Amino acid sequence: MSILVHAETRVIIQGITGRQGKFHAEKLLEYNVKLVGGITPGKSGQVVHGVPVFDTISEARQTIDFDATLILVPVAGVLDAALEAIENRVPLIVVIPEFIPVHDAIVMREAAKEAGVRLIGPNTVGIISPGKSKVGMMPGFIYKPGHVGIISRSGTLTHEISSNLTYRGIGQSSCICIGGDICKGSDFVDILKLFRDDKETRSVIMIGEIGGASEEIAADYLMKTSYPKKVIAYIAGRNAPDDKKMGHAGAIVSNGIGTAESKIIALEKAGVIVVERMDEIFEHLT
């Protein structure tokens, strides 16, 4: 088992004829992802790496079946692309681009909830179930099939921790980068619920960071539900100064809210193993 993506997941790319779309289409195919089509308005009939291109998702539906889309369009077109996927009830929508206006992200999130589809991102590297499939930008060779689930606000730290797990012979069940923006389509609790019911996942790593209350909300969920699996957390940004954005749009401490300390206290109270250094994570998995 795995969560969100598996070996039979059929994927399209919105923006497949752009530079990023072409590049990542090739990388998906190299990872044996079932990439079945692409969407670029005005480019219907073209082919990218053997993959057919359509003007719209509605047009593609008439020819191919798919259950996930990877959005790789310029920022100005992200909202329209996401809403098109939501209106067509694509079950899994992964929004890669960053710098999405907060209002656009809110509109996407609420529309996805109303439609009952899963939205990941924006500002994410995507999702991978190692050895099975991916809907994202992860370099597949640093991931290995196994039993550790990962939920992260940071794409870079998703890669770093997974590659170090792989180096130590510890595989991953699924790795989900939920994104580093203030407003996200899915948050820690949403993914924790999926891992809870996944028989392949034996333990979960949460990679959080300063800013917002996502980690505290996750801690409250874990405490109230008596979560049945070991959860290990690392919070980035412990030494970040107040009122200074640290990389991600959501990584900012203001007026004492969203501090690393508040997150650590909440998570430890919920029984989560919180590590000070990333290398300590591996000690709790062996």
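Since every read-out is calculated from the coordinates, none of them should be taken as a lab result. As the structure is a prediction and not an experimental result, all values here were calculated from the model. Cβ sites come from the backbone with ideal geometry, for glycine too, and all protein chains shown count toward neighbours.
Dividing the C-alpha radius of gyration of segment 193-238 by 2.2 N^0.38 Å, with N its residue count, gives 1.20. For the chain, relative contact order (Cα pairs under 8 Å, six or more residues apart, normalised by length) works out to 14 percent.
Take every Cα pair under 8 Å whose residues are at least 6 apart in sequence, average their separation, divide by the length of segment 121-236, and the relative contact order is 28 percent. Two numbers describe the Cα atoms of segment 14-146: Rg and Dmax, which are 14.0, 42 Å. Length available on full extension from F23 to V47: 0.36 nm per residue minus the Cα-Cα distance, which gives 7.3 nm.
Less than 18 Å apart at the alpha-carbon level, and either on another chain or at least 8 residues along: which aspartates and glutamates does that give for K34? Result set, ordered by chain and number: E8, E26, D65, D67. Computed from Cα positions, the angle between helix 102-115 and the longest principal axis of the chain comes to roughly 80 degrees. Net charge in the neighbourhood of V94 (other residues with Cβ under 10 Å of its Cβ; Lys, Arg +1, Asp, Glu -1) is +2. Please give the helix 75-87 orientation as an angle from the longest Cα principal axis of the chain, in degrees from 0 to 90, rounded to the nearest 10. In the chain, helix 75-87 runs at an angle near 80 degrees to the longest axis. Exceeding 24 Å between C-alpha atoms, which entries from my cross-link table qualify? They are K230/K263; K43/K132; K27/K144; K199/K224. Long pairs (Cα-Cα over 24 Å): K43/K132.
Excluding same-chain neighbours fewer than eight residues apart, the aspartates and glutamates reachable from K22 by a Cα-Cα span under 17 Å are E30, D55.
Using a Förster distance of 30 angstrom, determine the FRET efficiency expected from the C-beta separation of K230 and N32, and round it to 0.05. Computed FRET efficiency for K230 and N32 comes out at 0.45.
When the chain is treated as a GNM with alpha-carbon contacts under 10 Å, the residue of E114, E84, E276 showing the greatest mean-square fluctuation is E114.
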